[in-house]
1. Please report the carbon-and-sulfur percent of the accessible area for the chain; probe 1.4 Å, protein heavy atoms only, DNA, RNA and ligands left out.
2. In degrees from 0 to 90, rounded to the nearest 10, what is the angle of the helix 311-320 Cα long axis to the longest principal axis of the chain?
3. Provide the percentage of antiparallel DSSP beta bridges, counting only those with both residues in the chain; round to the nearest 5.
4. Only bridges with both residues in the stretch 112-245 count here: give the DSSP antiparallel percent, nearest 5.
5. What's the extension gain from ILE370 to HIS413 if we count 0.36 nm per residue and subtract their Cα-Cα distance?
6. Label points 7 Å out from Cα along the Cβ direction at ASN4 and SER27: separation in nm?
7. For a bin width of 10 Å, list the pair-distance distribution of the stretch 394-495 built from all Cα-Cα distances, rounded to whole %.
8. Enumerate by residue number the trypsin sites (Lys or Arg not before Pro) in the stretch 426-477 meeting two conditions: DSSP loop (anything except H, G, I, E, B), and at most 11 other Cβ atoms within 10 Å of the site's Cβ.
Amino acid sequence: MNKNYLLGYDIGTSSVKAALVDAETGSTVASAQYPDSEAPILSKQAGWAEQEPKMWWDELKMATKRVAEKAGGLSSVKAIGISYQMHGLVCVDKKGEALRPSIIWCDGRAVPYGQAAFEAIGGEQCLSHLLNSPGNFTAAKLAWVKENEPEVFEKIHKIMLPGDYIAMRLSGGEMQTTVSGLSEGMFWDYIYNNVSDDVMNYFGFPKDIIADIVPTFSVQSKVCKAVADELGIPAGTPISYRGGDQPNNALSLNVMKPGEIAATGGTSGVVYGVLGEVNYDKLSRVNTFAHVNHLQPDTRLGVLLCINGTGILNAWMKRTVAPEGISYQEMNVLADQVPVGSEGLTIIPFGNGAERLLQNKEVGCSIHGINFNIHKKAHLLRAAQEGIAFSFAYGMEVMKGMGIEIKTIKAGHANMFLNPMFRRTLASVTGASIELYETDGSVGAAYGAGIGAGIYKDSDDAFKTLKHIVTEEPVADNAAYMEAYNRWVKVLEGK
């Protein structure tokens, strides 16, 4: 029986993941990643972070080989989708060869270039047209190359994002990008719906340095014969989707409509909400990018809230405060033995650097209201988890102020969202239901490929088989939760 399989790739910082999905049943036939340990990041100076684009390609080939071995071949692949680490800068010459290592998302060298552009173009102009400050995004990274490596800049034929580079390699040379990709690099003007003249003129970038723009969901290019022969994928297989990791995470949860929210709670926390109109936060406490379904045909923007001090605090508590040898699950059970509000104990979780949510202030992590007579380890554990949930809720208030009505939060069944107490706290202070699903970035990219290739008629059709794990509803009487949250806010704001 001939199968319809979809192949999804997730080009991460640590590894490349690949997933082979049965388009009809939605089941994951095989998945793999490469390497098994974290991929290296080059850091020639403090604050710099680079990776060789060829390394991603080599990792992709190895991950593909592993998936092929598990699945017994890839002859039934009908479409390919790509998710990738956002904001990375790849500079290529006319032959498609990378001219230098990619300056990746966590590299900080371009901050002064973005700030200078923000001041020169004007804050109101940037926020109303780009919906963000140029910040440390791809355009500012390219400005650093232009000033510091002029010999490299002169040779650049096109700039691309990591996912664009991988699609180019798969297709044998097609250099393309998307509106969503351009928006994450601060190249897109939402008022005029084109590449930003403000950014291009201020930095002095030639217009033809931008790769050809293709729809996010479409047959963008096809796998060339040489690559097909090497990977065992049929020649001519459509490459029909690409998206940055956070928009793709939202896609993998079928978060596509205004008001829908995707969240993750790993080392840092991310809340990604879909907005149906062009808007921005006047204090620039969140980032706004074109979502993967923007302009098809409606406005669909992804409002991204990133909180540095979340799961990293929970991990610190496990290492430092929890009884030695305890598992996360056992720690969660211990914390849940304490009443809501941790009997007056409040923890501010922002101990992992400056927080954009707090206008780039570095307030640190702090413990308030500790009582030596009643508070024990369990109280500290619960107060930390409550503080993390409260930071999510506090950030969502910014998103609500932009016009996002939050009714449902969707998340993968992983990390902080494995904790019932954390879910219950977040649901009860936001009033939103929390739905957990079994999915990941490479699987989401595979579904995206199916949409782009026309195998599915839309995202609802694609995700009809998405595996739902559990739904956490807000408690009926949330007074204790709101009292604890309001106390947390007063402590944070110094009231």
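1. Reported share for carbon and sulfur atoms: 49 percent.
2. Approximately 60 degrees, to the nearest ten.
3. 70
4. Looking only at bridges with both residues in the stretch 112-245, the antiparallel portion is about 60 percent.
5. Length gained, ILE370 through HIS413: 12.2 nm.
6. For the pair ASN4/SER27, the computed spacing is 1.7 nm.
7. Per 10 Å bin, starting at zero, the Cα-Cα P(r) for the stretch 394-495 comes out as 13, 33, 32, 15, 6, 1 percent.
8. LYS457
The values are calculated or read from the model by the stated rules, or taken from the named source; none is laboratory data. Bear in mind that the values here come from a model prediction, so they are computed numbers and not experimental data. Neighbour counts are summed over all protein chains in view; Cβ atoms, including those assigned to glycine, are modelled from backbone coordinates with ideal geometry. Side chains are part of the model used for accessible areas, which takes the heavy atoms of the whole protein and leaves out ligands, DNA and RNA. Shrake-Rupley method; radii C 1.70, N 1.55, O 1.52, S 1.80 Å.
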